[in-house]
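Only one structure is covered here, and it is reproduced in the block below.
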Amino acid sequence: MTAATPAPILSDAPGSFAHGVFTERHPKLVERLLDALPFGPAERTAIRRLLAESISGVLEPLPETAGDYERWRRWGAGLYGTPWGEAPFLWAESFFYRKLLEATGYFASGAWRGVDPFASFKAAELTGAAVDDQLVALSARIDLPEQRRREVLLDSALWGNRADLGFRLTASTEATGSNRLLVDDGTALWSTLDGATDPTVALIADNAAGELVPDLALVDHLLTSGLAEQVVVWVKPCPYYVSDATMTDVVATIGFLRSSPHSAAALLGGRLHQLMGSGRLAIRTHDFFCAPMSFAQMPADLGADLATATLTVLKGDLNYRRLVGDLHWSPTTPFDRTTAHFPSPVIALRTLKSDVVVGLTAAQVAELDAGDPRWRTSGEHALVQADTAPRVG
């Protein structure tokens, strides 16, 4: 980072989006969790204590008995004992979800060990009407010309990012009709793969259920069309940010597709099952995907793995924040200025649900600011941004 790097976004400013995450979104999430799962008194007390601490207390470290205590002690050096709002928003929000798992007993030796507290939310979405509509739409794509099929698949993967259970806890129910793609570098995906020999694609997944279905449909097309020789999908190692995808979610989604009454969906599920069996579709994870830091700080082993990709497709708002840095960037900052650290050429598919954004023109920013002061966080606008410059070393 250079001296010109802007300051990190914090959550201590009343009225800010980040402040609202802690004071509005998290309380609603806690009430949904306590209603959805039959936690005992110890878990319920710990969850409510965490909520109170995160709103009006100071950052307390994990218990020393936690398996990742030392890791989080290093990550939080200089932050413990300070108010949550004074920590970088990305760090504090990530730590909230780590401590939430601690409160529910996810890592403990008791009966709640390994129980995804968000599983019922993700399962309800996977079997809901919106996903069923997606499955019906799969049949309509079969006979599309190749170019049009590419456009539809990429568009579905992009706007599938709106299927974010955490975001919907506080999102407005009013439809504005203003969905807008602010930057469209989509052709970079296809041109990069068309010009490569035996390309490998890395896809860093975001949400399960309603977002994972179109993501897997895109992956299927990359592999079955010959655009990619292998696709590696990176998922979270444990439940994170309410609806983030884990290996369990991938397995559940493929099984759900295979058993679908919609023939195109069932065939898709069957192909994905076979592609995993052959190794052309691989699912991987790394502890860093649940770390409270940007991708510029990724460990060497993960960086070396991603560096082998011809192209990395990076999904979602949180991954975007980690890619460019959750900082007070001017929105006119060039995208490639913020992504040069990434170890492979990268394309980000993201609907805007937090403050940070780069790569826009001054005219766009002026128009957006005049039209809707919530444009950065409403989920009504999207970006497909690419930095496909060759990486060296």
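The values are calculated or read from the model by the stated rules, or taken from the named source; none is laboratory data. Here the structure is a predicted model, which means the values were calculated and not measured. Cβ placement follows ideal geometry from the backbone for every residue including glycine, while neighbour counts extend to all protein chains displayed.
Could you identify the single residue in I254, I283 that is surrounded by fewer than 21 Cβ atoms within 10 Å (Cβ to Cβ), closer than 30 Å to A137 by Cβ and of a type in the set (V, I, T)? Talk me through it step by step, then tell me what you get.
On the way: I254 fails: surrounded by fewer than 21 Cβ atoms within 10 Å (Cβ to Cβ).
Criteria check complete, one pass: I283.
The criterion of being surrounded by 18 or more Cβ atoms within 10 Å (Cβ to Cβ) and out of contact with any Cys (no Cβ under 7 Å at 6 or more places or on another chain) holds for H381.
Taking region 305-364 as the range and being touching a residue at least 40 places away in the same chain (Cβ under 8 Å), out of contact with any Asp or Glu (no Cβ under 8 Å at 6 or more places or on another chain) and closer than 16 Å to N207 by Cβ as the test, the residues that pass are V313, L314, Y320, R321, R322, L349. Taking the criterion of being more than 30 Å from V392 (Cβ to Cβ), of a type in the set (A, V, I, L, M, F, W, C) and surrounded by 18 or more Cβ atoms within 10 Å (Cβ to Cβ), the residues of region 342-373 that qualify are L352, L368. On the stretch given as region 185-205, residues that are over 24 Å from P334 (Cβ atoms) and in a loop (DSSP other than H, G, I, E, B) total 5.
On the stretch given as region 72-97, residues that are surrounded by fewer than 21 Cβ atoms within 10 Å (Cβ to Cβ), of a type in the set (D, E, K, R) and touching a residue at least 60 places away in the same chain (Cβ under 8 Å) total 1. Residues in region 17-35 that are touching a residue at least 60 places away in the same chain (Cβ under 8 Å) and surrounded by fewer than 18 Cβ atoms within 10 Å (Cβ to Cβ): H19, G20, E24, K28, R32. Please verify whether region 44-64 includes one or more residues that are in a loop (DSSP other than H, G, I, E, B) and at positive phi. No, that holds for no residue.
Can you list the helices (runs of 4 or more DSSP H) lying wholly within region 317-375 that have 1 or more residues being hydroxyl-bearing (S, T, Y)?
317-324, 335-339
Just one of the numbered conditions (1) at pLDDT 95 or above; (2) within 20 Å of R374 (Cβ to Cβ) is not true of A171; which one? Result: A171 passes all but (1). Annotation: V201 fulfils all but one of (1) among the aliphatic types (A, V, I, L, M); (2) closer than 14 Å to V131 by Cα; (3) in contact with a Leu (Cβ under 8 Å, 6 or more places away or on another chain); the unmet one is (2). Of everything listed in (1) touching a residue at least 60 places away in the same chain (Cβ under 8 Å); (2) over 25 Å from R25 (Cβ atoms), the single unmet condition for A300 is (1).
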